[in-house]
Amino acid sequence: MKLLNIERDTLLKPLQAVSGIVERRHTLPILSNVLLEIADSELNLLATDLEIQVATKASLDKSANAQAITVSARKLQDILRSLPDAATVSLETQESKLVLRAGKSRFNLQMLPAEDFPRLAQGTGEVATVSVAQKNLKRMLQLVQYAMAQQDIRYYLNGLLLLVDANKLTLVATDGHRLACISATLDEKQPRAEAILPRKAVLELVKLLGDTDDVVELQIQQNQVRSHFGSVDLLSKVVDGKFPDFTRVIPSNPPSRFVITRTELQQALQRASILSNEKFRGVRWVLTKDMLRIVCTNAEQEEAEEELEIDYSGEPLDIGFNVTYLLDVLNNLSSDQVECALGDANSSMLITVPGDENFKYVVMPMRI
Amino acid sequence: MNEAEPKVPSRWIAHLDMDAFYASVELLRYPELRGKPVVVGGRRAHAPKTLPDGSRRFALLHDYAGRGVITTATYEARAFGVHSGMGLMKAAALAPDAALLPADFDQYRKYSKLFKAAVRAIAPQIENRGIDEIYIDLTDLAPADDMGDAEPHSGIRDIAMRIKSSVHKATGLTCSIGVSPNKLLSKLCSELEKPNGLTIITMADVPGRIWPLPASKINGIGPKASEKLASLGIKTIGELAAGDEVWLKQNFGANYGAWLHRVAHGRDERPVVTHSEPKSISRETTFERDLHARHDREELGKLFTRLCEQLASDLQRKGYAAKTIGVKLRFDDFRIVTRVLTADTWIQDAAGIRHWAGRALKKAPLEQKLRLLGVRAENLCVADALPREDVDQEQHDQLTLGLFKVP
């Protein structure tokens, strides 16, 4: 039966939006598939890994017969990608096969019944709804996502805390060694709500959100977070667990502080890190009056040293850090300057952006 | 036998099996239990209590409530019909007055090392078969004249006796040794005169000593094969040996049939493997009560994490890293399901094991209540042989945020 005739890109674009979450290997074969649903002049696409579900749609030139099929997301995407840009694709079903034709190419793809395709259940509990410009949420996510834990036994760290309180939205990520936190002011007051968004959903959101002022609507529920933006509807289960109280590890007022040009510090650290120990990635900061000396040594006793002139009148300090943790934050910030505030060699350092109260990065030192 | 067996055995292989090992180790600690029925298999709560007068009070089997199984029973307890693997409640019905002791694996490992070291000092060619049994290749130690007609193998008997007394001196424990031209026969004959036995046989003794034994005594003839053999009218090894090889192959397949024919005639060429790496390391636990994956999620999660931590410490203590992590589930109907996953990196720490075991667990059906949960590390490699970056290791020098400290 004839399904539809469609421009390659009209199908490929929405398909790429939903197929990012499809796992390569899964015990349930249908989860490798994408659900294509035709209703009037709309094509709805849906993919899921049972934790996250992404749906989107494309408009068709003319209305087609209502039909639903599922077919391998990855194979369909690979086929479409390798066709010429301007190709027109025709899809039709023949028994349990989907026949895709374009020019002189023909592909027979195995289908699985659309009625077997799983969908996430509706979330439960109160809904807190927050609207933010897509580019703002994308930026906020980028500023904290790198600090999320990965495959940590403390599973609730393998994600990002979404916290809505009054008219403030806060995102927090930590792997136990460093913590990144960003807030934004909302237009309207909201009831308090919090959820841990799993790592995969966070990375997918960063990918799918656009650099536009168009709004993304976040619906935070006790067991689910729904992000709706453009034609995309991303539904994610939340990590079932209690995120630790992050406020107590943000130092209130470390005594020794200095402001430095972000790129200057970033480039000095990048150079020095060439000679850091590949496993431990340690870097030494030696602070004296108006001077930051950065020293890296590796297992072969090679050494790199960088001297940076700063405005510093705090206590002399010799402190070690994992250079990756420092570069992570410097690479993701876009401000001209950063402020570093320190206590002693065993206390955390607070990195902020001068004149911006919203972003905070806390990193614990390393004994070198 | 249709082939002439060489008169002089080309090899002398010993199988040494410690007598009621766990229970005997316990008796060293609690000598007052000697001569009494004792079973090992309780939990820590069953440890003996020391009374004010210095004497000890032991937990008795008839007071036991739970679902543990017997790990070992002394020969006195075995006389009541209890045996390892039997449920403790069932055993309590047979031997209510037997003393019940908790298993102390650290202690057993210590004695295992002691007895193996004692053997190694005399005969270095040792194959580990477990905590309480080993194969020993004595071929090079056998005096030349022993290979001849000197009866009854006095040279090899001396060596075996020396090993037995050395093990006793080092541990205070007795063992039983079977000596024969191969591993198969030695394993069979170490059992013949247990406890504290020594049995030496040659191929010439096979019809007299081995053929009367039930076929199921052979390692590799399990319950299913025994049942099939029985249905064909074969109960003893001798009856199996009388069976035609072609007929056996027709009934049991070419490979297994040929093997059955070989072992029935006491033939086994397997070498004593002195250097072996473990194939897998695992930990498992039977629950106090059946648990459901969803309803008892929290409790199950804790037990699961604890198993992963124990497995991680086993791996680290033994110096291995693993690439494959598996889970084993036993449901309330005793059905067993296993699931494994292979990681893209070497795993040695609890977090890594927990992660991959968690993913493996997700692949298993979890609707039914669980009775047992196990975690297994396979695809092992000696951790020292890995490049250092490859082993997931906590970075000791990195300080952590005080996120989890009590304020």
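The numbers here are math on the coordinates, done by the rules we state, and not lab data. No experiment lies behind these values; they were computed from the predicted model shown. Don't worry about glycine lacking a Cβ; one is built from the backbone with ideal geometry, like all the others, and counts go over all protein chains shown.
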Going through region A:47-149, which trypsin sites (Lys or Arg not before Pro) have at most 14 other Cβ atoms within 10 Å and a DSSP loop state? A:K62, A:K104, A:R119
Per GNM of chain B with C-alpha springs under 10 angstrom, the most fluctuating residue out of B:S180, B:S154, B:S166 is B:S154
Taking 7 Å along the Cα-to-C-beta vector as the label spot, tell me the A:S252-B:A121 distance in nanometres, rounded to one decimal. 6.7
Ordered by fewest other Cβ atoms within 10 Å, a rough proxy for footprinting exposure, B:L185, B:L372 read B:L372, B:L185
If the label point sits 7 Å along Cα→Cβ of A:S131, residues of region A:211-243 with amide N under 19 Å come out as A:211-221, A:226-234
Provide the gained length on full extension for the span A:K289 to A:T263, in nm with one decimal, where the gain is 0.36 nm per separating residue minus the Cα-Cα distance. 7.2 nm
On full extension of the chain, what length is gained from A:K13 through A:K62, given 0.36 nm per residue of separation minus the C-alpha to C-alpha distance? 15.8 nm
Please arrange A:T129, A:T352, A:T174 by how many other C-beta atoms lie within 10 Å of their C-beta, fewest to most. A:T129, A:T352, A:T174
Per the 1/(1 + (r/R0)^6) rule, R0 = 45 Å and r from the Cβ atoms of B:D244 and B:E193, FRET efficiency to 0.05 is 0.85
Full-stretch length increase - A:K168, A:R271 - with 0.36 nm per residue and alpha-carbon distance subtracted: 33.2 nm
Could you tell me the calculated FRET efficiency between A:K2 and B:T342, based on Cβ-Cβ distance and R0 = 51 angstrom, to the nearest 0.05? 0.70
Theoretical FRET efficiency, 1/(1+(r/R0)^6), r = Cβ-Cβ of B:D53 and B:Q107, R0 22 Å, to 0.05: 0.30
So what is the 222 nm mean residue ellipticity for chain A from helices alone, if each DSSP H run of at least 4 adds -39500 (n - 2.57) and you divide by all residues, rounding to the nearest 500 deg cm²/dmol? -5500 deg cm²/dmol
Going by how many other beta carbons lie within 10 Å of each one, how would you line up A:D9, B:D344, fewest first? B:D344, A:D9
Of A:K62/A:K237; B:K302/B:K369; B:K224/B:K363; B:K224/B:K302, which pairs sit farther than 26 Å apart, going by alpha carbon to alpha carbon? A:K62/A:K237; B:K224/B:K363; B:K224/B:K302
So how far, in whole Å, is the C-alpha centre of region A:156-184 from the one of region B:234-277? 66
Expressed as a whole-number percentage, the relative contact order of region A:265-306 with C-alpha contacts under 8 angstrom and at least six residues apart is 39
